[in-house]
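The values are calculated or read from the model by the stated rules, or taken from the named source; none is laboratory data. What you see is a predicted model, and the numbers here were worked out from it, not measured in a lab. Positions of Cβ are generated from backbone atoms using ideal geometry, with glycine treated the same way; all protein chains shown enter the neighbour counts.
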Amino acid sequence: MPAEPGQLRQSSFTATDRELRIRGAIEEIRPNLQREDGDCLLIRIDGSRVMVRLTGACMLCKLSSVTLKGIQARLVDKLGELVRLLPVASAGKAVH
């Protein structure tokens, strides 16, 4: 169940826990994108900003903004806090 706006708060997760939750949420979505020859890579986490790169078919898809909104909603649900998902160009390197 998605978090309601009144329930969103600053998380008490450690940075490592938070990163693992973010990575987990993205990993849950990736198989769906990969089935359609696309993908989503985590590039960077900077406070409440999460930078990702859409690749493959997702780069030119007319519904990529819907995909990004879905990923953002999943992150908010997993973290219980507001995050801003930002797409980045292919110049950035993925976080391992």
The correct count of residues that are touching a Ser or Thr at 6+ places or on another chain (Cβ under 9 Å) and outside any helix (DSSP H, G or I) in the range 16-45 is 4
* Asked: Residues in the range 52-68: is at least one surrounded by fewer than 16 Cβ atoms within 10 Å (Cβ to Cβ), of a type in the set (Gly, Ala, Ser), closer than 15 Å to Arg84 by Cα and in contact with a helix residue (DSSP H, G or I) (Cβ under 7 Å, 6 or more places away or on another chain)?
  -> no
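Quick one: which residue in Ala91, Ala57 is among the hydrophobic types (A, V, I, L, M, F, W, C), modelled with pLDDT under 95, touching a Leu at 6+ places or on another chain (Cβ under 9 Å) and over 17 Å from Ala15 (Cα atoms)?
Numbers: Ala91 fails: touching a Leu at 6+ places or on another chain (Cβ under 9 Å).
Being among the hydrophobic types (A, V, I, L, M, F, W, C), modelled with pLDDT under 95, touching a Leu at 6+ places or on another chain (Cβ under 9 Å) and over 17 Å from Ala15 (Cα atoms) holds for just one of Ala91, Ala57, which is Ala57.
Being touching a Cys at 6+ places or on another chain (Cβ under 9 Å) and surrounded by fewer than 19 Cβ atoms within 10 Å (Cβ to Cβ) is the filter here, so list the residues in the range 16-33 that pass it. Outline the logic, then answer.
Within the range 16-33, the subset touching a Cys at 6+ places or on another chain (Cβ under 9 Å) is 26, 29-30, 33.
Across the range 16-33, the qualifying residues are Ile29, Arg30.
Taking into account only those residues within the range 58-83 that are of a type in the set (A, V, I, L, M) and assigned to a helix (DSSP H, G or I), which is farthest from Ile22 (Cα to Cα)? Outline the logic, then answer.
So in the range 58-83, the residues of a type in the set (A, V, I, L, M) come out as 59-60, 63, 66, 68, 71, 73, 75-76, 79, 82-83.
If we keep only those that are assigned to a helix (DSSP H, G or I) too, we end up with 59, 66, 68, 71, 73, 75-76, 79.
Values: Met59: 21, Val66: 18, Leu68: 14, Ile71: 10, Ala73: 12, Leu75: 6, Val76: 9, Leu79: 8 Å.
Applying the filter and picking the extreme gives Met59.
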